[in-house]
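The values are calculated or read from the model by the stated rules, or taken from the named source; none is laboratory data. In this text, all values refer to a predicted model and were calculated from it rather than measured experimentally. Note: ideal-geometry Cβ built from the backbone for every residue, glycine included; neighbour counts use all protein chains shown.
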Amino acid sequence: GAVVSQHPSRVICKSGTSVKIECRSLDFQATTMFWYRQFPKKSLMLMATSNEGSKATYEQGVEKDKFLINHASLTLSTLTVTSAHPEDSSFYICSARDSRLAGSYEQYFGPGTRLTVT
Amino acid sequence: SQQGEEDPQALSIQEGENATMNCSYKTSINNLQWYRQNSGRGLVHLILIRSNEREKHSGRLRVTLDTSKKSSSLLITASRAADTASYFCATDANDYKLSFGAGTTVTVRA
């Protein structure tokens, strides 16, 4: 159990276009999901917290108009990178908490999406 | 923002040896978690230790937490080639947001 999927696993897009990344909890409900960004050989940086049915909360320095997050259901959050630039190239990883487990701090991570902007 | 610092940055050991890595953090935490990441893949949760716990075991893993020193260690005993990966500590200040350390890259030589 507790599987999180991401789609696509890899995407290459041209500068100026938008890319949508999906994060799904496959066998549990997640009222809260998180989006991280990871540069090569670096750690994960939290970008935003995605809340089902409400607006996402963004970490300091993350442009909310650039990285649009929608959490329309208890099993799906999407991250759209708008007007992508080469510096947006990165590995994007989502995670989710199981809403049924009150007091559980464990997060389940997706396999990541490698975005390359040319 | 990141608050974890990990030491060492890289570790190379022979199969069967133990691997120890350390994590230090700066602010108060509710819990600290260790994750493994294989190259280019997602993270796998290894173990969670709460702020009121001092030591925890899971299979070949042993985690310690010293809140007075704001540090934690992860010990992998009897390492295997399959343990080759990057290991990250992550702290949770009781808001479910994880702040990750820089990671330790472990290479286990056959």
Could you say whether any residue in segment B:56-66 is in a loop (DSSP other than H, G, I, E, B) and surrounded by fewer than 16 Cβ atoms within 10 Å (Cβ to Cβ)?
yes
Report whether or not B:E6 is surrounded by fewer than 16 Cβ atoms within 10 Å (Cβ to Cβ) and either in contact with a Pro (Cβ under 7 Å, 6 or more places away or on another chain) or not hydroxyl-bearing (S, T, Y) (or both).
no
If you scan segment B:21-49, which residues turn out to be in contact (Cβ under 8 Å) with a residue 12 or more places away in the chain and either surrounded by fewer than 16 Cβ atoms within 10 Å (Cβ to Cβ) or farther than 29 Å from B:N94 by Cβ (or both)?
B:K26, B:T27, B:S28, B:N30, B:N38, B:S39
Give A:T78, A:T118 a once-over and let me know the one that is among the hydroxyl-bearing types (S, T, Y) and either out of contact with any helix residue (DSSP H, G or I) (no Cβ under 9 Å at 6 or more places or on another chain) or within 24 Å of B:N94 (Cβ to Cβ) (or both).
A:T78
If you scan segment B:86-110, which residues turn out to be in a strand (DSSP E or B) and within 9 Å of chain A (Cβ to nearest Cβ)?
B:S86, B:F88, B:A90, B:D92, B:L98, B:S99, B:F100, B:T105
Look at B:G4 and say whether it is within 14 Å of chain A (Cβ to nearest Cβ), at pLDDT below 95 and within 11 Å of the chain's Cα centre (by Cα).
yes
With respect to A:K20, is the statement that it is free of Cβ contacts under 8 Å to residues at least 12 places away in the same chain and among the charged types (D, E, K, R) true?
no
Determine which member of the set A:S90, A:S54 is under 13 Å from the mean Cα position of the chain (by Cα) and among the hydroxyl-bearing types (S, T, Y).
A:S90
How many residues are among the basic types (K, R), more than 19 Å from A:Y58 (Cβ to Cβ) and surrounded by 14 or more Cβ atoms within 10 Å (Cβ to Cβ) when one looks only at segment A:82-118?
1
What single numbered condition from (1) closer than 26 Å to B:S39 by Cα; (2) out of contact with any His (no Cβ under 6 Å at 6 or more places or on another chain) fails to hold for A:N70?
(1)
